[in-house]
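The values are calculated or read from the model by the stated rules, or taken from the named source; none is laboratory data. The model shown is predicted, which means the values in this text are computed figures rather than measured ones. Glycine gets a Cβ as well: all are built from the backbone with ideal geometry, and neighbour counts include every protein chain shown. These accessible areas exclude ligands, DNA and RNA; they are computed on the full protein's heavy atoms, side chains included. Shrake-Rupley method; radii C 1.70, N 1.55, O 1.52, S 1.80 Å.
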Amino acid sequence: MERRSSLSSSLPDSESPSLWERSASGSSTSSVGRSPLRQRVVQLLTCVEDISSDEDIQEEMAHTLDKAFLLWEKRLKEKYLQLRLHVITWNVACASPPSDVTDLLLLDNKCPSPDIYVIGLQEVKCGLINYLSELAFEDPWSKLFMDILAPLGYIKVSSIRMQGLLLLVFVKRQHVPFISGIYTNYTRTGLGGFWGNKGGVAICFRIYGYAVCLLNCHLPAHVSNVDQRLNDFDRILEMQNFEKEDIPNILDHDLLVWFGDLNFRIEDYGLCFVQESINNKHYSVLWKKDQLNMIKKTDSLLQQFQEGPLLFQPTYKFDINSENYDSSEKKRKPAWTDRILWRLKQDPFDNSDEPGECESFFSLILKSYKSHMKYKISDHKPVTATFELELKSQQLTTPITLIPESQWITPYDLVISYIQSPDFSSSPWDWIGLHKVVIRHLKDYVTYAWVKDNLISSNEGLNKVYINASSFAEEGGEFLLSYYSNDLQAVVGLSEPFQIPRNDMTPEDWREKNGDPLMY
């Protein structure tokens, strides 16, 4: 990649359009249907002066207009979907997870809960013993977040680990069938690209038809290595190759979120001045000498990334288990090393050739950008950003509808049904999973069945598949079904939870009561 090349479109306006502006730009009403309505509005405007003295008519007209606006707002909400995205970055300095991450996950917050959690960690402990342990067991950080979020209805849809870099994505259960094309990648930049202590890891997917990429980076340290940081960032972007033809480059995603320990420092000012500015909360003085902010003034590529205002104190370097900056002999200058930035590929609107019809809409608004001083296990403080995504869904229904009913045909065989949309192409490697209602990750199933191998019948889109349930037949409880598409590398159908009763019958008792099992 040519340094700072113009690979992508310019930034959208910093302020997203209001609902009124959006309506004016992208109404869903056809031009033919709008013409009489526009004529009526023009007629209304011309006679406003004539009725200005008649309060009864004014009140009646205001009431009618209020009803029209409510109808317009209802139609608008039906077309546009709002999602909350919560991003966490934290250099954990090889520490073990804290016992309480409630504040970090906004679990004690009165605002709406996030739809998507993105958790990017750097310097996760990665020695040989840890590596061998994690081959058999979940790493402690992943386990912590799954233990907390799974009972709340979140599913880990993807993760990637490169030595100390860890990236996790959790999504509310109802959104999971609308996520497809999940792809992970990593780039080593340590020791000239041979070592993964520095570099980037990415998770990419489509959600409701829009391409999203999440990039967690750990760039070189020290104030003098600013050029090396930029070169490593370029290399990460170059090496993030994608298999999808419509997304050949990482910058071709509708949304790219770039975050991590980016290691940019504060130049020129001495330690005493920096600390005094922090004590007096004169952060704006320090912004001017923040390396990332300085580079963005002239760098065409970085100018395409947006960041919220740094209204919190620098997040590095602290004494462990304290809120005091580095008191060691090195006395490193505080810096905003931990950052979260984003880039939209284009303006929110992508209007079609048809007048008045907006084919797609994807916008992002930053709602919160802050650090969390209460966490003291590392020399870095975690940073979070909460976004509100607003989009016009490109996918209105799921390809697979799983019917949350079941029929025991033997003591250990369960028949389930699903409806397949006509435009969905199944694969011999597709499978249906049966899960306990609390799902930690996509392959956290009790049992599963290959769709083709276990097919009983197929008639006009209604398919029946049997699952061997000998491993849990005696337990019963609340379950749900998932359909995993191998071609799309994603779950394309989730059922509602349903009850499976306990089954204490032996095969002999079953045959005596029900006769021979069904012949497949």
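Before moving on, here are some points about what is shown:
- Estimated FRET transfer efficiency (Gln394, Ile419; beta-carbon r; R0 30 Å; 0.05): 0.90
- In sequence order, calculated HN-Hα J values of segment 254-267 (Karplus, 6.51, -1.76, 1.60; Hz; x Gly/Pro): 4, 9, 10, 9, 10, 7, x, 8, 7, 6, 6, 10, 9, 8
- Interchain or long-range residues, amide H under 5 Å from Trp431's placed H: Val451, Tyr484, Asn486
- On a per residue basis, the convex hull of the C-alpha atoms belonging to segment 234-324 measures out at 139 Å³.
- DSSP assigns beta bridges within segment 158-260; of those with both partners inside it, close to 80 percent run antiparallel.
- Computed FRET value (nearest 0.05) for Ala68 with Leu366, which takes r as the C-beta separation and R₀ as 35 Å: 0.60
- Surface share of carbon and sulfur [accessible, 1.4 angstrom probe, percent] for segment 232-319: 48 percent
- The length gained by stretching the chain between Asp326 and Lys443 to full extension, at 0.36 nm per residue less their Cα-Cα distance, is 37.8 nm.
- Hz values of 3J(HN,Hα) by residue in segment 326-343 - Karplus curve (6.51, -1.76, 1.60), Gly and Pro given as x: 2, 10, 6, 4, 6, 6, 5, 5, x, 7, 8, 7, 9, 9, 9, 10, 8, 9
- For segment 180-270, convex hull of alpha carbons as volume per residue, Å³: 100 Å³
- Cβ-Cβ FRET estimate between Asn241 and Gln306, R0 fixed at 30 Å, reported to 0.05: 0.75
- Label-point gap, in nm, between Glu496 and Lys281 - each point 7 angstrom along Cα→Cβ: 4.9 nm
- Converting phi to 3J(HN,Hα) with the Karplus coefficients 6.51, -1.76 and 1.60 and the offset θ = phi - 60°, segment 444-453 yields 8, 9, 7, 7, 8, 9, 6, 4, 6, 5 Hz in sequence order, with x at every glycine or proline.
- Convex hull of alpha carbon positions in segment 134-185: directionally averaged projected area 4.1 nm².
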